[in-house]
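Take a look at the structure below.
Coordinate-derived values only; no laboratory data. Being a predicted model, the structure only gives us computed values, none of them experimental. Note that each Cβ is placed from the backbone with ideal geometry, even for glycine, and that neighbours are counted across all protein chains shown.
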Amino acid sequence: MAEPKENEFLDDIETAVAEEMADDLIDIEEEVATLDELDAVRAERDDMRDRWMRALADAENARKRADKARIDGENYGGSKLARDLLPVYDNMKRAIEAVGEEQREAAAALIEGVELTMRELVNVFSKHGITPVAPEVGDKFDPQLHQAMFEAPVPGTKAGDIIQVSAEGFMIHDRLLRPAQVGVSSTPA
């Protein structure tokens, strides 16, 4: 009978060890599940951080685009009106240049009024960043600022030299509003 007790005792030990191992296995599985959950939470955190950083960068880019659009609107919003006023400037300039000495004496007040109006128009242009592009005869033709109205061979000039200025050009801040209209020499080198 002693033997069955010994076997029972061994069976009890085996059962206890098996139960303890099963409990340990459950604990290990729970720890592994917790680690998997922790890894999942870390991955989600990293994804959220990445999305937040991208959203922050997008917001900054949108702010910069809006600032640029606002500045462009301030600087160039009046371009169409300014372009429409340039023929008025041209006509007033031609009128002032066409006045002879006799006419100046006969209608001095009228001519002075036109000159004052012209000066005021130039001041308004200047106030809004509109500046003239006034090439001189003999300057080199620049296709970025000038528009060639004609070419002619003129002795004593080089090809590409400006030989006549038909109309001044204008810039609005750093953009060309209207190119200067010029005649260009085509004299071969």
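Which percent of Cα pairs goes in each bin when the distances of the range 78-128 are cut into 10 angstrom slices starting at zero? Percent of Cα pairs in each bin: 23, 48, 22, 7. Using a 10 angstrom cutoff on alpha carbons, build the Gaussian network for the chain and name the most mobile of G77, G129, G100. Maximum fluctuation in the GNM of the chain, among the listed residues, is at G100. Taking the DSSP bridge list for the range 108-189 and keeping only pairs wholly inside it, about 65 percent are antiparallel.
Note on K140: aspartates and glutamates with a C-alpha under 17 Å away, same-chain residues under 8 apart excluded, are E151, D161, E168. The helix-based estimate of mean residue ellipticity at 222 nm for the chain, built from -39,500 (n - 2.57) per DSSP H run of four or more residues and divided by its residue count, is -23000 deg cm²/dmol to the nearest 500.
Between W52 and L38, the simple label model (points 7 Å from Cα in the Cβ direction) yields a spacing of 2.1 nm. For the range 141-189, the share of DSSP beta bridges that are antiparallel, to the nearest 5, is 55%. Counted by Cβ distance under 15 Å from G138, the other residues give a net charge of -2, where Lys and Arg count +1 and Asp and Glu count -1.
Measuring r between the beta carbons of A95 and E74 and using R0 = 30 Å, the FRET efficiency lands at 0.40. Across the chain, C-alpha contacts under 8 Å between residues 6 or more apart give a mean separation that, scaled by the residue count, equals a relative contact order of 16 percent.
Can you compute log10 of I(q)/I(0) for the range 1-76 with the Debye formula, treating each Cα as one identical point scatterer, at q = 0.12 Å⁻¹? Here the Debye-derived log intensity ratios amount to -0.67.
With K and R counted +1 and D and E -1, the other residues having a Cβ less than 14 Å from that of W52 yield a net charge of -2. Bridges between two residues of the chain, per DSSP, are antiparallel at a rate of about 65%.
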